[in-house]
Amino acid sequence: MERGRFVTGWFALFLVTVVVAVAAGWVGRARPIVLDSERLFKVALATGLRVRVEGAGGGAEDWASAVVRFVPYHPAGRDPARKVMTPGAETWSGPALPGERALLEALAKRPDVPGRWQRMFDEDEVALAARLDDPADLGPTWDPAAWLGPGLSWDGVGAWVAGGDGPVGEAVSRRIGAARWVIVDGAPGLPELGRALGSELGARVAAVVPFDDDFDTMRLAVAKALADAAPKVADRLFLVASGLAVQPLLAALADAPDARDRLSAVLLLHPAMAGDPGREGPFGEVACRDRVAGAWRHATLDVERMVARPWFAMQWLDRSTSPPSAGGLPLVTASLPVPSDEGGLEASVLRLELGPLAADPEAPLELVARALWLVLSVWAVR
């Protein structure tokens, strides 16, 4: 009888332990994987543009024109550079997205690259509806109250992205907490979005690392910035890198397990994952491809607490270039490749694509910065 009570009690304690562990793991994830990251980013930015245009006295047509100009998006438009350059080929693995094959067929009917960009982003009814319809119609999963906090709405999101204060900003700040940000500048040629993000973040930025053509100098500067920004085990880090800066950042992280353990999220702005085709040496294509092959692996970027860190990639699109590029860096290689050890026992990297924005000198970088801040806060590991 006593033995039976012992077994029953032990089993009950075991069940409680399992439940607590599962719950802790769920809370630790702290990001709604069910949301599409690019759609959230583009809808938040489009909503902020609506508030900005209305505040300036503009109407619905003015807003639609601004969205089409600055915020390219199509729900089936993943890997847009390959779709536009080779519209007859299926460039994805696994199942097609809804409407993806129909989009390829429509693009193949256009004889030139500019016409294909226009067909995908400017004319397609699905693409226009995804950005211009009321986001409240997306359903309860997309309700900001579900992933930011009770009582928050898309109107509040738009007002905050457009530069206002209010409860959405407070919710974003709560999710970020006391995390520090390190911003690593890329070579000149890309829009200075990292700097715009730093202006919005203010005192949360621990360091801005300028670009240096000497690779080792920059790698050491990045490593020092990471160590200084998060010296304690409980510290949390957000990293932002632009263009070629992704290369010294990867090299620094590969040798910095403490910094990797403290990551909340990483944002790469038009990352040169394959290097610069116009350069030789450590920033050239050969060296960068070799570096990424070794550093861009789950095992190399492993973390002590086995929660995959979200890595976001956003690109810039200059439609006047062929093949598509920005700042001399090809669009087709500015996405996050699949790590060579994908599918193994370790899962240290969660790849999240945010898609391209127009490389327009009049792009509202301050709104883009806030929309990015919002998206990162939703997925941040705490």
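The values are calculated or read from the model by the stated rules, or taken from the named source; none is laboratory data. Remember, predicted model here, so these are calculated numbers, not experimental data. With ideal geometry, Cβ positions are generated from the backbone for all residues, glycine too; neighbour counts draw on all protein chains shown. Side chains are part of the model used for accessible areas, which takes the heavy atoms of the whole protein and leaves out ligands, DNA and RNA. Shrake-Rupley method; radii C 1.70, N 1.55, O 1.52, S 1.80 Å.
Checking Gly151, Gly115 one by one, the residue that is open to solvent by 40 Å² or more (accessible area, probe 1.4 Å) and more than 20 Å from Glu38 (Cβ to Cβ) is Gly151 and no other.
Just checking, does region 198-207 include any residue being touching a Gly at 6+ places or on another chain (Cβ under 8 Å) and not acidic (Asp, Glu)?
yes
Scanning for something farther than 22 Å from Lys224 by Cβ and either in contact (Cβ under 8 Å) with a residue 24 or more places away in the chain or of a type in the set (D, E, K, R) (or both), does region 246-257 turn up at least one residue? There is no residue in region 246-257 that is farther than 22 Å from Lys224 by Cβ and either in contact (Cβ under 8 Å) with a residue 24 or more places away in the chain or of a type in the set (D, E, K, R) (or both). How many residues does region 124-153 hold that are polar (S, T, N, Q) and closer than 21 Å to Trp373 by Cβ? Residues flagged as polar (S, T, N, Q) and closer than 21 Å to Trp373 by Cβ within region 124-153 amount to 1.
Of all residues in region 335-361, those satisfying the criterion of being closer than 22 Å to Ala127 by Cα and either free of Cβ contacts under 8 Å to residues at least 60 places away in the same chain or in a loop (DSSP other than H, G, I, E, B) (or both) are Ser335, Ala359, Asp360.
When region 131-164 is filtered for residues that are out of contact with any helix residue (DSSP H, G or I) (no Cβ under 7 Å at 6 or more places or on another chain) and not acidic (Asp, Glu), the ones remaining, listed by number, are Leu138, Gly139, Thr141, Ala145, Pro150, Gly164. If you go through region 294-330 and keep only what is surrounded by fewer than 21 Cβ atoms within 10 Å (Cβ to Cβ) and closer than 21 Å to Asp216 by Cβ, you end up with Gly294, Ala295, Thr300. Val292 fulfils the conditions (1) farther than 21 Å from Trp181 by Cβ; (2) in a strand (DSSP E or B) except for a single criterion, (2). Of the set (1) of a type outside the set (Phe, Trp, Tyr); (2) without any contact (Cβ under 8 Å) to a residue 40 or more places away in the chain; (3) surrounded by 13 or more Cβ atoms within 10 Å (Cβ to Cβ); (4) closer than 30 Å to Ala358 by Cα, all apply to Ala227 but (4).
Considering region 51-89, the residues that are under 22 Å from the mean Cα position of the chain (by Cα) and open to solvent by 40 Å² or more (accessible area, probe 1.4 Å) include one that is farthest from Val375 (Cα to Cα), namely Arg82. Beta carbons closer than 7 Å, at least 6 apart along the sequence or on distinct chains, pair a first residue in region 267-283 that is buried (at least 20 other Cβ atoms within 10 Å of the Cβ) with a second that is of a type in the set (Asp, Glu) for Gly275/Glu285; Phe283/Asp276. Is it fair to say Ala230 is in contact with a Ser or Thr (Cβ under 6 Å, 6 or more places away or on another chain) and hydrophobic (A, V, I, L, M, F, W, C)? No; evaluated as a whole, the condition is false for this residue. Cβ separations smaller than 6 Å between residues 6+ apart or across chains give the following pairs from region 95-114 residues that are touching a residue at least 12 places away in the same chain (Cβ under 8 Å) to residues that are exposed (fewer than 11 other Cβ atoms within 10 Å of the Cβ): Ala108/Gly88. Scanning region 284-293 for residues that are among the small types (Gly, Ala, Ser) and surrounded by 14 or more Cβ atoms within 10 Å (Cβ to Cβ) turns up Gly284, Ala287.
For the criterion of being under 18 Å from the mean Cα position of the chain (by Cα), over 13 Å from Thr47 (Cα atoms) and open to solvent by 10 Å² or more (accessible area, probe 1.4 Å), Asp165 fails.
Residues considered: Ala259, Ala272, Ala196. Of these, the only one that is farther than 27 Å from Ser325 by Cα and either at pLDDT below 95 or not β-branched (Val, Ile, Thr) (or both) is Ala259. Are any of the residues in region 199-208 in contact (Cβ under 8 Å) with a residue 40 or more places away in the chain and either open to solvent by less than 20 Å² (accessible area, probe 1.4 Å) or at positive phi (or both)? The answer is yes, given that some residue of region 199-208 is in contact (Cβ under 8 Å) with a residue 40 or more places away in the chain and either open to solvent by less than 20 Å² (accessible area, probe 1.4 Å) or at positive phi (or both).
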